[in-house]
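What follows is a set of notes on a single structure, which appears directly below.
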Amino acid sequence: MRQFSVATQRSEEFVDITGQVAQALAESGLKEGAVLVYSPHTTAGVTINEGADPDVKRDMLEHLRSLVPNSADFRHAEGNSDAHIKTSLMGPSQLIPVSGGSLLLGTWQKIYLCEFDGPRRRSVLVQALAAGD
Amino acid sequence: MRQFSVATQRSEEFVDITGQVAQALAESGLKEGAVLVYSPHTTAGVTINEGADPDVKRDMLEHLRSLVPNSADFRHAEGNSDAHIKTSLMGPSQLIPVSGGSLLLGTWQKIYLCEFDGPRRRSVLVQALAAGD
Amino acid sequence: MRQFSVATQRSEEFVDITGQVAQALAESGLKEGAVLVYSPHTTAGVTINEGADPDVKRDMLEHLRSLVPNSADFRHAEGNSDAHIKTSLMGPSQLIPVSGGSLLLGTWQKIYLCEFDGPRRRSVLVQALAAGD
């Protein structure tokens, strides 16, 4: 089990954590299997999507905001139910296959920590899992 | 592989299954790795979110209902396409890292079975996966 | 690690890949653990849902299109931000428990490659993970 932290800068943003995950994988020594990237938070998730054009991140965040506006009729006293819902829509984790000691991400894929209620210091857990074949 | 069942009480609800998952993990004897919590159903998923304030669950269910109303123009004859869609939005499973024999859930995280077409008896499968580092 | 490819036929469709995943699992020789089904693409994901009535797939695709219309106010120059968002909503992968060498899918569950920007040739990675109990 490895862990790193990310200081997010905005109320909502996608932070590319691919480099930190690759580093944690290298430290684990795993050659074949998969790597679990896990957010132990309830208002920040993890997704995988395009890293080349920053407008993709922007469009994703903007559209999630329109699907789950924080002005909706929510009861949760902290007033951040929108952040909780967006976290479950993206999911709290992603699992990436590993072969030859490398993350098998596609050409355009990056791993993002999805901040929905920042800025905050967030933890990310990285667990290497063994292949079974 | 362990398995337990949950008798849901309503047409839609989030049932906290964290205790049953922790019990299944203890029985497995796994010390390092991750635990897969899997719903073998197509109208009930699994998510992880806040457990402290019950209004979070309420707001999540309510907002999912507004995003996927069962009054939408669906063709599926059983009339529960909304439940199928919400299941895929939450996902049929979650994977939680394990270290020292414990679930590494964050302070506020609970594991929920998401019932979207109840009440029914639901099964949950729990598979312990080995660390590779 | 196994891999197969799928030639999708439409701009958007859910392609049942359960047979190819079962075949990859058989080749891996895994008896106990789980199988990771991973899309290395940013406009095609993986989900699990009902396979009996084709109207479920149709209703899911149609409703996702209404939640994320490609006419939304997007900036990404390629014009397919809707496909990126739908991919993150479904997720790029699914993890299915394995016991006795078989996928523990529920009675009605099928594994779908979710094409959101086709038709294209897509790759699917299948990684067998070892049980830890």
In nm, the gap between the two label points placed 7 Å beyond Cα toward Cβ at C:Arg10 and A:Arg120 is 4.0
With the 8 Å Cα cutoff and a minimum separation of six or more residues, chain C has a relative contact order in percent of 53
Under 5 Å from the placed amide H of C:Gln3, counting only residues 5+ away or on other chains, we find C:Val126
Gyration tensor (Cα only) of the protein assembly as shown to equivalent ellipsoid, semi-axes in Å sorted down, yields 27, 23, 23
Here D for region B:2-130, in µm²/s, from Stokes-Einstein with a Kirkwood Rh over Cα pairs at 25 °C and 0.890 mPa s, works out to 162
For region A:1-84, the dipole about the Cα centre with charges only on Cβ (Lys and Arg +1, Asp and Glu -1), to the nearest 20 debye, works out at 280
For C:Ser102, inter-copy label-point distances (7 Å, Cα→Cβ), nm, shortest first, read 3.8, 3.8
Helix B:54-67 sits off the longest principal axis of the Cα atoms of chain B, rounded to the nearest 10 on a 0 to 90 degree scale, by 50
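Restricting to DSSP H runs of at least four residues, report the calculated mean residue ellipticity at 222 nm for the protein assembly as shown, -39500 (n - 2.57) per run over all residues, nearest 500 deg cm²/dmol.
Values: 9 runs with 105 residues, N = 399.
Helix contribution divided over all residues of the protein assembly as shown: -8000 deg cm²/dmol.
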Regression test value, accessible area per residue of region A:2-130, probe 1.4 Å, units Å², expected 35
If each part is reduced to its alpha-carbon centroid, region C:102-118 and region C:1-23 end up apart, in Å, by 9
Working note, region A:86-133: Cα radius of gyration (Å, one decimal) and Dmax (Å, whole number) are 13.5, 42
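What percentage of the solvent-accessible surface of region B:2-130, computed with a 1.4 Å probe over protein heavy atoms, is contributed by carbon and sulfur atoms? Provide the component values of the computation, followed by the final result.
Numbers: 2030 of 4580 Å².
C and S fraction of accessible area: 44 percent.
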With one decimal in nm and the nearest listed first, the spacings from B:Ala52 to its own position in the other copies, using label points 7 Å along Cα-to-Cβ, are 4.3, 4.3
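Just how large is the dipole of the protein assembly as shown about the Cα centre, in debye to the nearest 20, putting +1 at every Lys and Arg Cβ and -1 at every Asp and Glu Cβ? Don't jump to the answer; show the numbers that get you there.
On the way: 36 positive and 48 negative charges, 122 e Å.
I would put it at about 580 debye.
Within region C:1-108, which trypsin sites (Lys or Arg not before Pro) sit in a loop by DSSP and count at most 13 neighbouring Cβ atoms inside 10 Å?
Details: sites: C:Arg2, C:Arg10, C:Lys31, C:Lys57, C:Arg58, C:Arg65, C:Arg75, C:Lys86; in loops: C:Arg10, C:Lys31, C:Arg75.
Qualifying residues, ordered by number: C:Arg10, C:Arg75.
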Across C:Ser39, C:Ser88, C:Ser11, the residue with the highest GNM fluctuation in chain C (Cα network, 10 Å cutoff) is C:Ser11
The simple spin-label model distance between B:Arg58 and C:Asp53, using points 7 Å out along Cα→Cβ, in nm, is 3.2
The helix C:81-90 Cα axis meets the longest alpha-carbon principal axis of chain C at an angle in degrees, between 0 and 90 and rounded to 10, of 30
Rounded to the nearest 100 Å², the accessible area hidden between A and C, summed over both chains at a 1.4 Å probe radius, is 2600
If one builds a Gaussian network model of chain B from Cα atoms under 10 Å apart, the most fluctuating residue listed among B:Glu115, B:Glu13, B:Glu62 is B:Glu62
If one builds a Gaussian network model of chain A from Cα atoms under 10 Å apart, the most fluctuating residue listed among A:Ala44, A:Ala77, A:Ala26 is A:Ala77
note: region C:1-62, Cα-Cα separations exceeding 18 Å make up a percent value of 44
Nearest 10, in degrees from 0 to 90: the angle of helix C:18-28 to the longest Cα principal axis of chain C is 40
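The values are calculated or read from the model by the stated rules, or taken from the named source; none is laboratory data. Since we're looking at a predicted model, the values are computed, not measured. Here Cβ is always computed from backbone atoms with ideal geometry, including for glycine, and neighbour counts include all displayed protein chains. Only protein heavy atoms, including side chains, enter the accessible area calculation; ligands, DNA and RNA are left aside. Shrake-Rupley method; radii C 1.70, N 1.55, O 1.52, S 1.80 Å.
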